[in-house]
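The values are calculated or read from the model by the stated rules, or taken from the named source; none is laboratory data. Values in this document were obtained by computation on a predicted structure and should not be read as measured data. Positions of Cβ are generated from backbone atoms using ideal geometry, with glycine treated the same way; all protein chains shown enter the neighbour counts. When the accessible area is computed, the model is the full protein with side chains, heavy atoms only, and any ligands, DNA or RNA have been set aside. Shrake-Rupley method; radii C 1.70, N 1.55, O 1.52, S 1.80 Å.
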Amino acid sequence: MRQYTNGNNLVKFGVIIGDFIIMNLLLLGFVKWGGKDLVPEYILVSKRITFVVANMAMMISEYFFYATVHDRKIEIMRVMTRAFWLTFTHVGLLFITLRILQQNGGNFSRFMLYFGAVEYVVLITARIVELGIVRYLRDLGMNTRLVLFVGSDPSLATLYERLVLTPSMGYHVLGYYASVEMKDCPDGLNYLGTIEDLNEKMDSEERDSLNIDKLDEVFCSMSHEESEEMVEIMRFCDKNVIRFFYVPRMFGNYQLNLKPERFGDINVYTNHIEPLSILPNRVLKRLFDICVSLIVCICLLPFIPIIALIIKLQSTGPIFFVQNRTGMNGKVFRCLKFRSMHVNRQADILQATENDPRKFAFGNFMRKTNLDEFPQFFNVLIGDMSIVGPRPHMLYHTEIYGQLIDKYMVRHFCKPGITGMAQVTGCRGETKELWQMEERVKRDIWYIENWSFWLDIKIMFMTVKMIFIHDQKAY
């Protein structure tokens, strides 16, 4: 599957590393040349502690206010605002921590004021340079996203001209499919064929000509008379984890069940409402995941040797069962579990059944009580999973059901979870019939589109209840 976020992540982490280098060099400069009149005595005496505290404070600040120079729709005022809050949070945390560590007090206020002002100015300068570098690289064709247009409405021509006039946004348009060719089509926007040609390529072995493995986004502007064709395109995007956007036709906006988003000065629409696409919601969910998983992992450590001994006594093989599963955006990750079955060759293709001969006694107990899932809190801690979300499926099932169920791949628009809405509402265990998986996917998508912090809390409590009240489908 496509990993179109890799380039942006590389830019983001590069900028974060640059921020740490800038901060440490500034602090080193203040310590060496700031003088005793400006730099508190405690900082001069306890340099190592100061640098450790400063870097820890920067880690926390970067988590909340990392630079967004990789954002293709970024504005300079937003860059300056985030840099301000990054500096404010970093200096504030550094000030509070050093005052706590300094027993005899000291004049930290003047030092922090000067240090914060210089840090902000240098960060803003760095951001301008970084924006220039990113835009230059995108002008050269690097860190780009591959886009396909569908329709012949003039709104697509306007959007295309916007992208062409701003190559630094990093979009490469393959061309457009439409029933009729676009009037006054801009130079460079290639006509690729009719909607029927597109349907044939989506349904046949000619899919490779669409660059499915590289295609990132589809922008569509079609009339209601072509609603069936548009639905097929949305289904195709869902199956291949491609973002779909509807561009309103220039003669008026239709009341479609799509979420409006701003793309520069143009309105576009996406076919999925995702509360977790909002930064504060993602931060809240991630902080909760870290706090809870850290506590669980610490509490779990003393019991691992006991569980390991019992597993070893009943079945030869490793303590943990590690399996590649499909995560967010189709990314493959290694999912951890306590091994509950004898080592077998069918582990990656065959679901557990009620009287599965592969299970050993203690493994059967762990599966019924969900004890085998507890190592996944380590997956949560490192960021591969969340506590609540769609359950990650084995790669074989992703491949099979991705072809059979229209919206199956939509469940990968958020991190997989240890527990989820489908599991606490009766959709768990073996899926003998296709409709069972369809119902599970339906509830997973509902969770993604209706997420809230309190919904996560509710699902967690329902999961704890199921540990004590045995679910007949837990085997």
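With every protein chain left in place, what is the accessible area of Y120 in Å² (1.4 Å probe, nearest 10)?
Taking all protein chains as shown, Y120 has close to 60 Å².
Nearest 20 debye, what's the magnitude of the dipole of the chain about its Cα centre given +1 on Lys and Arg Cβ and -1 on Asp and Glu Cβ? Can you show the working numbers first?
Numbers: 53 positive and 50 negative charges, 521 e Å.
My answer is approximately 2500 debye.
Per 0.36 nm of contour for each residue apart, how much would the distance between L137 and R345 grow if the chain were fully extended, relative to their Cα-Cα spacing?
Roughly 70.2 nm would be gained on extension.
What net charge do the residues around S386 carry, taking every other residue with its C-beta under 12 Å from that of S386, with Lys and Arg at +1 and Asp and Glu at -1?
Its environment carries a net charge of +2.
Excluding G35 itself, what net charge comes from residues whose Cβ is under 13 Å from its Cβ, given Lys and Arg +1 and Asp and Glu -1? Please report the intermediate quantities before stating the final value.
Working: positive: K32, K36, R110; negative: D37, E41.
Result for the local shell: +1.
Please list the non-local residues whose amide H lies under 5 Å from the amide H of V332, H modeled 1.01 Å from N, same-chain partners needing a gap of 5 or more.
So V332 has HN proximity to G327.
Return the subset of K12/K239; K331/K442; K312/K458; K239/K368 for which the Cα-Cα distance in this structure is over 26 Å, preserving the input order.
Table pairs above 26 Å Cα-Cα are K12/K239; K312/K458; K239/K368.
Mind giving me the nanometre distance, one decimal, between the label points for R162 and E449, set 7 Å out from Cα along Cα→Cβ?
2.5
Return the distance in nm (one decimal) between the two label points of a simple spin-label model at D37 and I96, each offset 7 Å from Cα along Cα→Cβ.
Label-label distance for D37 and I96, simple model: 3.2 nm.
Using Cα pairs closer than 8 Å and at least 6 residues apart in sequence, work out the relative contact order for the chain, in percent.
RCO, the chain: 11 percent.
Choose one of P248, M394, N364: the residue whose Cα lies farthest towards the positive end of the charge dipole of the chain (beta-carbon charges +1 Lys, Arg; -1 Asp, Glu; about the Cα centre).
Toward the positive end, the furthest listed residue is N364.
With each label point set 7 Å from Cα along the Cα-Cβ vector, what nm distance links W85 and F320?
Reported label-point gap for W85 and F320 is 3.5 nm.
Round to the nearest 10 and report in Å² the accessible area of V129, as given by a 1.4 Å probe over the protein chains' heavy atoms.
Accessible area, nearest 10 Å²: 80 Å².
Projected area of the stretch 329-475, taken from the Cα convex hull and averaged over every viewing direction, in nm²?
That works out to 8.5 nm², a quarter of the Cα hull's surface.
Suppose R0 equals 35 Å; then what is the FRET efficiency for R262 and I457 from their Cβ-Cβ distance, rounded to the nearest 0.05? Provide the component values of the computation, followed by the final result.
Details: r = 32 Å, r/R0 = 0.90.
Efficiency, rounded to the nearest 0.05: 0.65.
When the solvent-accessible surface of protein heavy atoms is calculated with a 1.4 angstrom probe, in what order do D372, D184 fall, highest first?
So the residues, ranked largest to smallest area, are D184, D372.
Among residues other than D406 whose Cβ falls under 10 Å from its Cβ, what is the net charge (Lys/Arg +1, Asp/Glu -1)?
Summing Lys/Arg as +1 and Asp/Glu as -1 gives 0.
Of the listed values (i) 1.16; (ii) 1.10; (iii) 1.01, grab the one calculated as Cα Rg over 2.2 N^0.38 Å from the structure here.
(i)
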